[in-house]
1. Counting only other residues whose beta carbon sits under 15 Å from that of residue 65, what net charge do I get with K and R as +1, D and E as -1?
2. Sorted by accessible area (1.4 Å probe), largest first, how do 39, 50, 24 line up?
3. In what order, largest first, do 33, 59, 69, 7 sit by accessible area if the probe radius is 1.4 Å?
4. So which chymotrypsin sites (Phe, Trp or Tyr not before Pro) in segment 3-83 pass both tests, a DSSP loop state and at most 16 other Cβ atoms within 10 Å of the Cβ?
5. If Lys and Arg each add +1 and Asp and Glu each add -1, what is the summed charge of the other residues whose beta carbon sits under 12 Å from the beta carbon of residue 56?
Amino acid sequence: MFRNLAKGVLAMLCLPISNAEVERSFSAVSYVKCWRRNRMETVTLRSILRCRFGLIWLKTTAGKFVPPKELLNFDSTIYDKPT
């Protein structure tokens, strides 16, 4: 009898409580990609934002970041194409 009402209530329960995280992301994009960097490619912008938010997620700064040993053992063979 209340099938449509139940669907509406379930849809409302899925809505985010706040869009603050989305607004922070847009703010970070506008801060990084300003008018002086208007030719920045999306890949570069994505990488910068990933580093910025990754450091926030790790609760550290770039100066205090200690890279994992796997990253320090980097060599160019990861770019070699398999034959």
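1. So the environment of residue 65 carries a net charge of +4.
2. Per-residue accessible area, sorted high to low, gives 39, 50, 24.
3. 59, 69, 7, 33
4. 65, 74
5. +3
The values are calculated or read from the model by the stated rules, or taken from the named source; none is laboratory data. None of these values were measured; they are calculated from a predicted model. In this analysis, Cβ positions are derived from the backbone assuming ideal geometry, glycine residues included, and neighbour counts consider all displayed protein chains. Just the protein is used for accessible areas: all its heavy atoms, side chains included, with ligands, DNA and RNA removed. Shrake-Rupley method; radii C 1.70, N 1.55, O 1.52, S 1.80 Å.
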